[in-house]
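First comes the structure, then the notes that go with it.
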Amino acid sequence: MRGPLALALVGVRHATRTRLRAASSAALEWASPEHRRKHASRKWGRFDENLIPLWVADGDALAPLPVREAVAAASKAGIYGYVDPSASLLQAVTAGMGRSWGRPVSTDWVRWHPGLIPALYHCARLAGPKGCVVVPTPVYPPFLNAAKDASQCIELDLGNEGGPLDESLLRETLDKAVATADGEDVVLLWCNPHNPTGRVWRRHEMEAVARECASRNVILASDEVWSGLILDDVPFTPAGLLDTDVRLISITSASKTYNVAGLDVAFAVVEDDVLRRRYFRAGRDQAEPSHAGLEALGAILDADGGGPCVLTPPRGACEAWRRAMVDHLRANRDTAVAFLERECGDLLTVAAPAESTYLLWLDARKLGASPGLFLSQRGVYLTDGAAFGARGFVRLNFCCSRAVLDEGLERIKGACVEARSNL
Ligand SMILES: Cc1ncc(COP(=O)(O)O)c(C=O)c1O
């Protein structure tokens, strides 16, 4: 960063450094910016050290201790060949899924992936180039990329408010997709809870989604990676819990809940035999989860018996960590919302309530056509909404220490003061 802004930020640099030291509260330990940059962090490493990064969905907390110990033990063993998930890990995963679905889940239904983006691509490929993929927008960009790379894509406009599902628009959009596919498959890439608005879809909304898909023979792919981070008192409804004959693919991982996104492990569960065979064949990439990722997932499941399937009765070290994280995130969200409402007025408004995730969706249209760029030039990096299908919006990641959040919010306030003076 150069120019007047860089000079203005020099004054805060020293204070920022001391304020943003590593911190810990209850079960959580927050890495300092130096610690993050030193360890190959995409979130922190891509920028000048004066910039506060509140962008990619990666938290700043150290992973739960049992995870760190499992990864360290695997690393010490010195065996780094190809791996298969162990039978006990597979049992633990399906037991957890079974508990959250309220019925047995077979180990045969599981397909492992090195992350959820490959899983999204597998789902989209089921439609094929002549079929159609329906993507609810605004949405985490790989949903749109997977759909457009594999097939014809139709967007379902959810609005930016994180509000209730418009069922008649859902029906209309699915009808349009079926007509576009003209006999080929249609896939709905659903996101529950939704990134970026944080909407936790209510049971009746999930039932409507499953019902409308089933009646048109549309494949429902439900990405449930955020289900462990519900901040408000809203029950999470996994698609697998519903009493429906929809062709369903459920995909999830521990990456967001336990802050292990770089360990590359995720999985899909597909009950329907025919669909599962097609799903398994939809990518012959042989992309596999990492050894460290499998060990980490094992530690999470062993430690609390539930892992990413958070409907499991809580116990154990990882569950205590997750609960502390949810409390911290709720407090950070409330702080950010109050601050932005107080300091930014109508220049930058909270678009959706973020009842889950650690992402705050903000309407920044008054900051110009590229608000992400505008803010980054003023020392704070948020994800620009354009790739989510929502130009003029930005997404703020609040999975950080309170000190980092406060510094980021101050810079956002400074940007708004400057924007107002230019009006
Ligand atoms: C809804 C959703 N799906 C999938 C992913 C990808 O997750 P991962 O790369 O950890 O597998 C993300 C990441 O932010 C996400 O928000």
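The values are calculated or read from the model by the stated rules, or taken from the named source; none is laboratory data. Just so we're clear, the structure is a prediction, and the values are computed from it rather than from any experiment. Here the Cβ is made from the backbone with ideal geometry for all residues, glycine too, and neighbour counts use every protein chain on show.
Overview of values
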read-out: From Phe393, Phe374, residue being of a type in the set (Phe, Trp, Tyr), touching a helix residue (DSSP H, G or I) at 6+ places or on another chain (Cβ under 8 Å) and surrounded by fewer than 20 Cβ atoms within 10 Å (Cβ to Cβ); value: Phe374
read-out: Count of residues meeting criterion [surrounded by 24 or more Cβ atoms within 10 Å (Cβ to Cβ) and among the β-branched types (Val, Ile, Thr)] in the range 238-250; value: 1
read-out: Among (1) over 18 Å from Phe143 (Cα atoms); (2) more than 15 Å from the chain's Cα centre (by Cα), the one test that Ala254 misses; value: (2)
read-out: Pick from the range 188-220, criterion within 11 Å of the ligand (Cβ to nearest atom) and assigned to a strand (DSSP E or B), ranking: surrounded by the fewest Cβ atoms within 10 Å (Cβ to Cβ); value: Cys191
read-out: Members of the range 26-46 found to be touching a Pro at 6+ places or on another chain (Cβ under 6 Å) and aromatic (Phe, Trp, Tyr), listed by number; value: Trp44
read-out: Hits in the range 377-404 - residues which are over 26 Å from Lys148 (Cβ atoms) and of a type in the set (Gly, Ala, Ser); value: Gly379, Ser401, Ala403
read-out: Filtered residues of the range 259-283 (kept if under 30 Å from Cys318 (Cβ atoms) and away from the ligand (no atom under 16 Å from the Cβ)); value: Val270, Glu271, Arg276, Tyr279, Phe280
read-out: The range 229-250: number of residues that are in contact with a strand residue (DSSP E or B) (Cβ under 9 Å, 6 or more places away or on another chain) and under 23 Å from Ala352 (Cβ atoms); value: 8
read-out: Of all residues in the range 292-304 being within 22 Å of the chain's Cα centre (by Cα) and surrounded by fewer than 23 Cβ atoms within 10 Å (Cβ to Cβ), the one that is modelled with the lowest pLDDT; value: Gly298
read-out: From the options Arg395, Arg391, Arg378, residue that is at pLDDT 95 or above, over 24 Å from Thr357 (Cα atoms) and not in a helix (DSSP H, G or I); value: Arg378
read-out: Count of residues meeting criterion [at pLDDT 95 or above, small (Gly, Ala, Ser) and within 14 Å of the ligand (Cβ to nearest atom)] in the range 240-254; value: 1
read-out: Residue list for the range 221-237, filter: touching an Asp or Glu at 6+ places or on another chain (Cβ under 8 Å), crowded, with 22+ Cβ neighbours inside 10 Å and outside any loop (DSSP other than H, G, I, E, B); value: none
read-out: Residues of the range 97-143 satisfying the condition of being part of a helix (DSSP H, G or I) and away from the ligand (no atom under 12 Å from the Cβ); value: Met97, Gly98, Arg99, Ser100, Trp101, Thr107, Asp108, Trp109, His122, Ala124, Arg125
read-out: Count - residues of the range 330-372 that are closer than 18 Å to Ser421 by Cα and among the hydrophobic types (A, V, I, L, M, F, W, C); value: 7
read-out: Selection status of Ala387, closer than 27 Å to Glu155 by Cβ, of a type outside the set (D, E, K, R) and within 15 Å of the ligand (Cβ to nearest atom); value: yes
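Every residue, every condition in (1) out of contact with any Asp or Glu (no Cβ under 8 Å at 6 or more places or on another chain); (2) crowded, with 21+ Cβ neighbours inside 10 Å, yes or no:
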| position | (1), (2) |
| --- | --- |
| Pro141 | yes, no |
| Asn145 | yes, no |
| Asp149 | yes, no |
| Cys153 | yes, yes |
| Glu161 | yes, no |
| Pro164 | no, no |
| Leu174 | no, yes |
| Ala179 | yes, no |
| Gly183 | yes, no |
